[in-house]
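A.B. asks: Provided herewith is a single structure, encoded as structure tokens, for subsequent inquiry.
Please treat every number below as a calculation from the coordinates, not as lab data. Nothing here was measured: the structure is a model prediction, and the numbers come from that model. All Cβ positions, glycine included, derive from the backbone under ideal geometry; neighbour counts span all protein chains shown.
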Amino acid sequence: MMAALVTMLSICVSASATTFTRLVKCDDENAEYVDTVNSETKTVNSYKIKVRHDANGTSNSYTNHFKAIAVKDRKQKAAKWLKTGGEYPMENARAIITGTAYYLKMRGNTNYNTYEGLEEFVISGYFKVN
């Protein structure tokens, strides 16, 4: 019963979220941001995009920087340092609107370089625009 519930829950999450797994740099605060491969179109007017991620191969202790980008004009609509391990919103009532497709850009926190000696690591997770 419990296994069926977990499976059903994971199917629901994957059906409404866009997943990503990307190698990011963390050795320079001016490091180039990496794009998610896919985008998602917003159909609900909540003015936010929710992001959940983990920093794989690290202590998973530091925030990482994310930008929400509109596909149509490739302009940044929101940006935020987000904690790992939870689902957190990126909000902008003037810019994150329905009918627009969004993708994310991301980079790693330089603390992973300073305190863990890493130059890069993998960020994996998902984002939901609705």
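A.B. asks: Quick check: pseudo-label points 7 Å beyond the Cα along Cα→Cβ at ARG74 and TYR115, how many nm apart are they?
C.D. replies: 3.6 nm
A.B. asks: Please report the net charge: other residues with Cβ closer than 12 Å to the Cβ of ASP27, K and R +1, D and E -1.
C.D. replies: -4
A.B. asks: Using the Karplus curve 6.51 cos²θ - 1.76 cosθ + 1.60 with θ = phi - 60°, work out ³J(HN,Hα) for each residue of the stretch 27-35 in order, rounded to whole Hz, and write x for Gly and Pro.
C.D. replies: Computed from phi, the couplings for the stretch 27-35 are 9, 7, 5, 9, 4, 5, 7, 10, 7 Hz.
A.B. asks: Hey, for a label at GLU32 modelled as a point 7 Å past Cα toward Cβ, could you say which residues of the stretch 48-85 have their backbone N under 20 Å away?
C.D. replies: Answer for the stretch 48-85: 65-71, 74-76.
A.B. asks: I'd like the Karplus ³J(HN,Hα) series for the stretch 111-122: coefficients 6.51, -1.76, 1.60, θ = phi - 60°, whole numbers in Hz, and an x wherever there's a Gly or Pro.
C.D. replies: Listing the rounded values in order: 4, 5, 7, 4, 9, 10, x, 8, 9, 7, 7, 9 Hz.
A.B. asks: Once both labels are modelled 7 Å past Cα along the beta-carbon direction, what's the ASN45-ASN130 spacing in nm?
C.D. replies: Placing both labels 7 Å along Cα→Cβ, they lie 1.6 nm apart.
A.B. asks: What FRET efficiency would be calculated for the residue pair ASN60, ARG94, taking the C-beta separation as r and a Förster radius of 35 Å, to the nearest 0.05?
C.D. replies: The computed FRET efficiency comes out at 0.60.
A.B. asks: Report the net charge of residues surrounding GLU120, where surrounding means a beta-carbon distance below 9 angstrom and charges are Lys +1, Arg +1, Asp -1, Glu -1.
C.D. replies: Summing Lys/Arg as +1 and Asp/Glu as -1 gives -1.
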